[in-house]
Amino acid sequence: MTRYIVWAVSWLFILLVLVTPPAMVLTEALKDGLAASVATLSDPDAQAAIWLTLKVTCVAVTLNTIFGILAAWVLVKFRFPGRQFLQVLVELPLSISPVVSGLVWLLLFGAQGWFGPLLEQWNIHIAFAVPGIILATLFVTLPYVVRTVMPVMEVQGRDAEEAAVLAGAGFWQILWHVTLPGVRGALLSGVLLTTARALGEFGAVSVVSGHIPGETETMPLHIENLYNGYQSVAAFTMAALLALMAMSAVLLRSAPDWIARLQEKKA
Amino acid sequence: MRLSPFAFFKAGGSALPGYRLSLTLTLAWTGFFIILPLSTLLVYPWQSGPAAMLGALHDTRMLAALWTSFSCAGIAAACNIPCGFLLAWALARGNLPGHRLADALIDLPLALPTAVSGITLATLYGPHGWLGALLSLLGISVSYNKAGIVLALMFVGLPFVVRAVEPVLRNLPHELEEAAHLLGARPWQIFVRIIAAPLLPALVTGFGLAFARGIGEYGSVIFIAGNQPFKSEIAPLLIVVRLQEFDYPGATAIALVLLCISLLSLALIGGMRRRFAVWSEPA
């Protein structure tokens, strides 16, 4: 009896709290029909926002993946003074408010910032421009790859790598042929989490962007702009597209499991 | 092998190659992306003199905003404890029908971009939204006040509690409950002594993570909050407002306080976790 009550309450809760929001996004987006919502995406500012988001995400994911692998490698395979402090530093962006993550870049590169006036002389613009958006995104997505890869590397140990050293392999060879194949799943998961966060980052980017439609507006910022301008269909269409992109990145993390299960069935 | 501080760049306590290269790159990257930006927070507020900084800290609007963020995050995290516990129980122990789907849905608030959850919750719980209309029948209004902030923070914080509790619940040996039952324990005794006690560290972690996230949350809150100064204005939003007024020292002062609160709460949780872990260790 208690069991049935727990089931009923759990599903009711899940439906009311977790299922209604995405359902709402879809119904609001399709309120005037599919054609009308697709049409809103062909707006030049909307297209610019989509492209900017994709560009920023590509840069952030690439750079933070390379950094994440190297940082995980040095943190797991070696012991040195200050190692734990470095680990805390790397995970710090996770506990910092998105708005603060944007603010720090203004304090560095804004007109009133430390290096802003200097860069202004050379005509380099970082704050309220695309470089600032990239820096803020890099900051908030920095920990994900390190965090997902580290525990798996820890389990891996160092035996295989030490054998490779004895066999005469160099650093890149060991990393590419010995270490990375063993952490493939975790690496994929970390890359996809980075992607999802980079796509959807709002607070940090909002602070440094300057909100120039068509130039420094990413998809989340464009959604805010449309929503505040009472363009509900356009806002929710963009929201649906963004949510679809971010959620498929998160869901794709279990893709290796699906493939393994399919292969099992075949065998 | 013992490491002297001078061996910092040499040994690394391992025979593997690439130590110097990977350490240098890691230090350079964290230096530019973590240490340099965060040092601005520590230095910038003092640049215009300590008096200005202390003045900024006495701003009543800032204190109100900090209190709103703090209290709403606390209430939301506290409300998420029973809800998260129920869902974790249903997933780990209750053989919930459709548990795979339910499991995927739990992570939804983490996967949904905050701006999307923001406008969606504002519409959903707004006066004409599906759930807002339902609640207004009961005479409850959640949009444009603190209740809306709590609701949004509950939504984004829920996965933290479920994911902290669920694995511990799954690994809790069933035999203990049966043994307690055979020894004549009442159901509530079993719940409090056998189930809740070992779960305390996990519950504290879940609460802490949800709280820390809630304090800094911006995107999912600002659309539903109404953002009235002194009433429903959260601290991260006030930072944005101060920046729009070009009051950089004021914005930085709030950011510094916010950062200290979230770091302090995370440190506190780490400490409490260790304490409870000792306390609830099976004898």
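The values are calculated or read from the model by the stated rules, or taken from the named source; none is laboratory data. Being a predicted model, the structure only gives us computed values, none of them experimental. Every residue, glycine among them, receives a Cβ derived from its backbone with ideal geometry; neighbour counts consider all protein chains shown. Remember, those area values only see protein heavy atoms, side chains included, never the ligands or the DNA or RNA. Shrake-Rupley method; radii C 1.70, N 1.55, O 1.52, S 1.80 Å.
Data overview
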{"item": "Equivalent ellipsoid semi-axes - Cα gyration tensor, the stretch A:197-242, angstrom", "result": "17, 13, 8"}
{"item": "Cα-based reach from A:K77 at 14 Å (exclusive), listing aspartates and glutamates while leaving out same-chain residues under 8 positions away", "result": "A:E154, A:D159, A:E161, A:E162"}
{"item": "Range in chain A, longest, excluding exposed trypsin sites (Lys or Arg not before Pro) [loop by DSSP; at most 14 other beta-carbon atoms within 10 Å]", "result": "A:80-267"}
{"item": "Table column - 3J(HN,Hα) (Hz), the stretch B:161-171, Karplus curve with 6.51, -1.76, 1.60, x for Gly and Pro", "result": "5, 4, 6, 7, 7, 3, x, 5, 4, 5, 8"}
{"item": "Heavy-atom surface of chain A, accessible at 1.4 Å and reported per residue (Å²)", "result": "46"}
{"item": "Candidate lysines for bridging to B:K146, where Cα separation is under 19 Å - those fewer than 8 sequence places away on the same chain excluded", "result": "B:K231"}
{"item": "Charged-residue dipole, Cβ positions (Lys, Arg, Asp, Glu), the protein assembly as shown about Cα centre, Debye nearest 20", "result": "1380"}
{"item": "Calculated P(r) of the stretch A:108-267 - Cα pairs past 23 Å, %", "result": "58"}
{"item": "A/B buried area, accessible surface, summed, 1.4 Å probe, Å²", "result": "7400"}
{"item": "Shape metrics for chain B, restricted to C-alpha atoms - Rg then Dmax, Å", "result": "23.4, 72"}
{"item": "Candidates per trypsin sites (Lys or Arg not before Pro) in the stretch B:182-283, loop by DSSP, up to 14 other Cβ within 10 Å", "result": "B:K231"}
{"item": "Two-decimal Rg to Rh for the stretch B:96-232 - Kirkwood Rh, Cα set", "result": "1.10"}
{"item": "Per-residue mean of C-beta atoms belonging to partner chains within 10 Å, peptide A:87-93", "result": "4"}
{"item": "Estimated D of the stretch A:75-120 in µm² per second, where Rh is the Kirkwood radius over Cα pairs and Stokes-Einstein applies at 20 °C, 1.002 mPa s", "result": "168"}
{"item": "Chain A - Debye-derived log10 I(q)/I(0), Cα point model, q = 0.11 Å⁻¹", "result": "-0.80"}
{"item": "Along chain B, longest interval not containing exposed chymotrypsin sites (Phe, Trp or Tyr not before Pro), exposed being DSSP loop plus at most 12 other Cβ atoms within 10 Å", "result": "B:10-229"}
{"item": "Calculated on alpha-carbon atoms, Rg and Dmax of the protein assembly as shown in Å", "result": "24.5, 80"}
{"item": "Whole-percent carbon and sulfur share, accessible surface of chain B, 1.4 Å", "result": "70"}
{"item": "Calculated from backbone phi, Karplus (6.51, -1.76, 1.60) coupling profile of the stretch B:113-128 in Hz, x at Gly/Pro", "result": "x, 4, 5, 5, 4, x, 5, 5, 5, 4, 6, 4, 9, x, x, 10"}
{"item": "Stokes-Einstein D in µm²/s, Kirkwood radius over Cα pairs - the stretch A:46-151 at 10 °C with 1.306 mPa s viscosity", "result": "104"}
{"item": "Expected 222 nm ellipticity per residue - DSSP helices of 4 or more, -39500 (n - 2.57), all of the protein assembly as shown, to 500", "result": "-23000 deg cm²/dmol"}
{"item": "Counting all C-alpha pairs of the stretch A:114-177, share separated by more than 21 Å (%)", "result": "55"}
{"item": "Rg/Rh ratio calculated on Cα atoms of the stretch B:1-159 (Kirkwood radius)", "result": "1.16"}
{"item": "Rh by Kirkwood over Cα pairs, then Stokes-Einstein D for the stretch B:147-225 at 1.002 mPa s and 20 °C, µm²/s", "result": "149"}
{"item": "Calculated over the stretch A:24-103: convex hull of Cα atoms, volume per residue (Å³)", "result": "158"}
{"item": "Residue-by-residue Karplus 3J(HN,Hα) for the stretch A:22-27, coefficients 6.51, -1.76, 1.60, Hz, glycine and proline x", "result": "x, 4, 4, 4, 5, 5"}
